[in-house]
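The values are calculated or read from the model by the stated rules, or taken from the named source; none is laboratory data. Since this is a predicted model, take the numbers as computed values, not measurements. Here the Cβ is made from the backbone with ideal geometry for all residues, glycine too, and neighbour counts use every protein chain on show.
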Amino acid sequence: MTDAVTNPLLSPPALPYDLPPYGSIRPEHYLPAFHAAFAAHRAEVDAITAQTDEPTFENTLVALERSGELLDRVARTFYTVTSADGTAEIQAIEEELAPLMAAHSDAIQLDSALFDRIAAVHAQLDDLDLDAESRYLVARHHREMSLAGAGLDDDAKKHLTDLNQRLSVLTTTFEKNLLADTNDLAVVFDDVAELDGLSDGELSAAAQAGTARGLDGRYVVTLTLYTGHPFLASLTNRESRRRLLEASRSRGTRGNAHDNRSVLREIVRLRAERAALLGYPSHAAAILADQTAGSPEAARDLLRRLATPAAQNALSEQEALQRLAEADGIRIDARDWAFYTEKVRAAEYDLDRAALRPWFEAERVLRDGVFFAAEQLYGVTIAERHDLQGYHPDVRVFEVHNADGSELGLFLLDLYTRDTKRGGAWMNSIVTQSALRGTAPVVVNNLNVNKPAPGTPTLLTLDEVTTLFHEFGHALHGLFATVTYPHFAGTAVHRDFVEFPSQVNEMWILWPEILTNYARHIDTDEPLPAAVVERLHASEAFNQGFATSEYLAASWIDQAWHGLSVDEAAADIDVAEFEARALADIGLDNPAVPTRYSSTYFAHVFSGGYSAGYYSYIWSEVLDADTVEWFRENGGLTRENGDRFRSRLLGVGGSADPLAAYRDFRGRDAEIQPLLERRGLAD
């Protein structure tokens, strides 16, 4: 056991911005810290409910917002590590912790005495002299506890708690299985000739990965989270492309210890059972009742509206690919799409995206692109803090200041892939801003870029550049949100709104002032040629039939699973057949265009926070495309525009209705036409 003297997680924060002392934290510190934090939080809530005074905003809502600070700190510290450096020891702790966290959360959310006090304050809300954020706080706590089941009887609450604990174990198991199978299925190549088409940097990274696994002289290509792989666009060897794609698509389906099919079926069944207990016909209905979409029908209507033109565009694209592939005697299938897409792109737009990598050196993209755009738009300054340590040696720490020189927060960057990091890219908050608690934000971006050999520059693909800008958009949201109550801190907004700020930040990638500042050739320092930039703009809608179709397919699979009733979910469902029927239902069953995620490796919805919510990327993109139009109409990259976007949207955090905040920024509701034009779906 450890105590406050020996456990750094139980000591008062001592580092700038309350950055956790990762250099001092050992795995054995986590569980004792959680147990202490559970007890402290429980005592704080009990003190609220034990009062004999009538419920007021101060003695109930404010007291609740002050509670749980230790648990929040310990949990954010730990879960940052589980996703980014999930060693076997950390995974074991997470498995043990999952049901404990679920039980504790339910104990608070389902506390009848606490709910009664909040309901009493909510009933007199119109008579209280509260500011807008405080009024919204009362409304949100009342609604969230109601949706969580606080109004159920004791037997139903017990059943609900059991369901939540089991689900917490299952989602942790799903992620653990996926990480293990992804690592096991990394494709090993014996001969460098099999990797013809890859750049020197990519070959260096593959050789490095082989050495790291004790396979000197061989080449290891690790898998991405999504179905496709960047190398499919470059590999000239069709058999190598087949091996890579088949490895990716087989994750979680091989009948071994990491098979996720039974896990996801139980997750679906228990989520449907929980929804029924709460009075909803499906898990999707329960989730979307508290999102901007409002209902599964609204989300599905948007998906169906986009699916038909997207599928038609994909077929047209496939015909163009096939004409080129016929010269090689090939009938296009999924492994060939990216490879021949680049050939068509080169033929139609004289554009070789792989050849652009020397202009996208990672450090320059970061400092002279991503950071520079934020500095120009918002006036912030960003400087590296070499004296501060992250949770892994690859993590870098930067301090962010406002235009007036005042301290804003910390930004951590974890760029490279490793076997202990889950796939994909994401942002999370290690510390959130709150005026009530006196805390400032600490946020982290994780990517999965292949790490080249020492001394070799990291050259990014254009997709990786896009990901870096995207995730930093989330980081800016987390840094800029300025609220009183921790409940609204950072990116704590509706799930189908959270992607909006990050998607908007992608607009600066090809913005002239930004692009010329960062896109410089690694050897000559020459800017990306103007003719290439023009061709990039001209090709923006190119291959959007494929891109939109693969995304919509995954979104529809998510809705299909989570739209099941409790009786439907109880059936013995064949996962592959279920997916096939769902994709046929929406007309996205083209074998050459696989879904971006199949169920058994769909971490967003079976181990992440996007269950019944993967549609939110396209839902948010409606707002994003409309916002890009606003920036263009109002002068683009100016401090005035940045300050407006920061104050009226990013700075709001979760402290107001998100669509109301959007109307305040834009002057009207978003229109869908800019999205249709962007994705080539307008006609």
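Please go through the stretch 387-401 and give me each residue that is surrounded by 15 or more Cβ atoms within 10 Å (Cβ to Cβ) and either of a type outside the set (A, V, I, L, M) or touching a Pro at 6+ places or on another chain (Cβ under 9 Å) (or both), ordered by number.
Leu388, Gln389, Gly390, Tyr391, His392, Asp394, Arg396, Phe398, Glu399, Val400, His401
Return the total of residues in the stretch 26-73 being more than 20 Å from Tyr485 (Cβ to Cβ) and part of a helix (DSSP H, G or I).
Result for the stretch 26-73: 15.
Here is a check on your reading of the model: is Tyr340 closer than 27 Å to Phe631 by Cα, hydroxyl-bearing (Ser, Thr, Tyr) and surrounded by 15 or more Cβ atoms within 10 Å (Cβ to Cβ)?
no
Name the helices (runs of 4 or more DSSP H) wholly inside the stretch 493-544 in which the number of residues that are closer than 18 Å to Leu468 by Cβ is 2 or more.
500-505, 512-518
Rundown of residues vs (1) crowded, with 20+ Cβ neighbours inside 10 Å; (2) small (Gly, Ala, Ser); (3) within 28 Å of Asp387 (Cα to Cα), yes/no style:
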position: Gly23; (1), (2), (3): no, yes, yes
position: Tyr30; (1), (2), (3): yes, no, yes
position: Ala43; (1), (2), (3): no, yes, no
position: Glu54; (1), (2), (3): no, no, no
position: Ser67; (1), (2), (3): yes, yes, no
position: Arg76; (1), (2), (3): no, no, yes
position: Thr80; (1), (2), (3): yes, no, yes
position: Leu100; (1), (2), (3): no, no, no
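For the stretch 223-246, indicate whether the set of residues that are touching a residue at least 12 places away in the same chain (Cβ under 8 Å), charged (D, E, K, R) and touching a Leu at 6+ places or on another chain (Cβ under 6 Å) is non-empty.
yes
Could you grab me the full set of residues in the stretch 74-120 that are assigned to a helix (DSSP H, G or I) and among the acidic types (Asp, Glu)?
Residues satisfying the conditions are Glu89, Glu94, Glu95, Glu96, Asp106, Asp116.
Go through the residues of the stretch 620-630 one by one and say whether even a single one is assigned by TED's automatic domain parsing to the domain that holds Ala276, in contact with a helix residue (DSSP H, G or I) (Cβ under 9 Å, 6 or more places away or on another chain) and either surrounded by fewer than 19 Cβ atoms within 10 Å (Cβ to Cβ) or among the aliphatic types (A, V, I, L, M) (or both).
No, that holds for no residue.
Out of curiosity, is Val442 surrounded by 24 or more Cβ atoms within 10 Å (Cβ to Cβ) and of a type in the set (A, V, I, L, M)?
Yes; evaluated as a whole, the condition is true for this residue.
Can you tell me how many residues within the stretch 472-496 are under 12 Å from the mean Cα position of the chain (by Cα) and either farther than 19 Å from Glu375 by Cβ or surrounded by fewer than 24 Cβ atoms within 10 Å (Cβ to Cβ) (or both)? Before you say what the answer is, go through the steps one by one.
Step one: filter the stretch 472-496 for residues under 12 Å from the mean Cα position of the chain (by Cα), giving 472-475, 491, 495-496.
In the following step, the residues that additionally are either farther than 19 Å from Glu375 by Cβ or surrounded by fewer than 24 Cβ atoms within 10 Å (Cβ to Cβ) (or both) were identified as 491, 495-496.
Count: 3.
A quick yes/no check of all residues on (1) among the acidic types (Asp, Glu); (2) without any contact (Cβ under 8 Å) to a residue 60 or more places away in the chain:
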residue	(1), (2)
Ala320	no, yes
Arg331	no, yes
Phe339	no, no
Ala354	no, no
Arg357	no, no
Thr381	no, yes
Asp394	yes, yes
Leu410	no, no
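Before we move on, is Asp129 outside any helix (DSSP H, G or I), more than 20 Å from Pro27 (Cα to Cα) and either among the charged types (D, E, K, R) or not assigned by TED's automatic domain parsing to the domain that holds His487 (or both)?
Yes.
Take the residues in the stretch 380-419 that are of a type in the set (Val, Ile, Thr) and not in a strand (DSSP E or B), then tell me which one is nearest to Phe472 (Cα to Cα).
Residue satisfying both the conditions and the ranking: Val380.
For Gly379, indicate whether it is in the same structural domain as Asn428 (by TED's automatic domain parsing), of a type outside the set (Phe, Trp, Tyr) and either surrounded by 17 or more Cβ atoms within 10 Å (Cβ to Cβ) or under 20 Å from Arg535 (Cβ atoms) (or both).
Judged against the criteria, Gly379 is not a match.
Say we look at the stretch 511-527 and pick out the residues that are surrounded by 14 or more Cβ atoms within 10 Å (Cβ to Cβ) and within 30 Å of the chain's Cα centre (by Cα); which of these is nearest to Arg367 (Cα to Cα)?
So the residue we want is Tyr518.
Regarding Asp657, is this residue surrounded by 15 or more Cβ atoms within 10 Å (Cβ to Cβ) and under 23 Å from the mean Cα position of the chain (by Cα)? It would help to see each step written out before you state the result.
Numbers: surrounded by 15 or more Cβ atoms within 10 Å (Cβ to Cβ): yes; under 23 Å from the mean Cα position of the chain (by Cα): yes.
Judged against the criteria, Asp657 is a match.
For the stretch 227-343, which fully contained helices (runs of 4 or more DSSP H) count at least 2 residues that are within 26 Å of His159 (Cα to Cα) and under 25 Å from the mean Cα position of the chain (by Cα)?
The qualifying helices (runs of 4 or more DSSP H) are 261-277, 283-288.
If only one of Ala553, Ala571 is surrounded by fewer than 20 Cβ atoms within 10 Å (Cβ to Cβ), more than 21 Å from Gln673 (Cβ to Cβ), without any contact (Cβ under 8 Å) to a residue 60 or more places away in the chain and among the hydrophobic types (A, V, I, L, M, F, W, C), which one is it?
Among Ala553, Ala571, only Ala571 is surrounded by fewer than 20 Cβ atoms within 10 Å (Cβ to Cβ), more than 21 Å from Gln673 (Cβ to Cβ), without any contact (Cβ under 8 Å) to a residue 60 or more places away in the chain and among the hydrophobic types (A, V, I, L, M, F, W, C).
Which numbered condition trips up Ser565, out of (1) buried (at least 17 other Cβ atoms within 10 Å of the Cβ); (2) under 30 Å from Pro281 (Cα atoms)?
All conditions pass for Ser565, except number (1).
Across the stretch 109-137, what is the number of residues that are within 31 Å of the chain's Cα centre (by Cα), crowded, with 20+ Cβ neighbours inside 10 Å and aliphatic (A, V, I, L, M)?
2
Taking Ala205, is it under 30 Å from Ala569 (Cα atoms) and either touching a strand residue (DSSP E or B) at 6+ places or on another chain (Cβ under 7 Å) or at pLDDT below 95 (or both)? If you could, list the steps in order and put the result at the bottom.
Values: under 30 Å from Ala569 (Cα atoms): no; either touching a strand residue (DSSP E or B) at 6+ places or on another chain (Cβ under 7 Å) or at pLDDT below 95 (or both): yes.
Judged against the criteria, Ala205 is not a match.
Of all residues in the stretch 409-418, count the ones that are touching a helix residue (DSSP H, G or I) at 6+ places or on another chain (Cβ under 6 Å) and over 10 Å from Asn448 (Cα atoms).
Residues that pass the stated criteria total 3.
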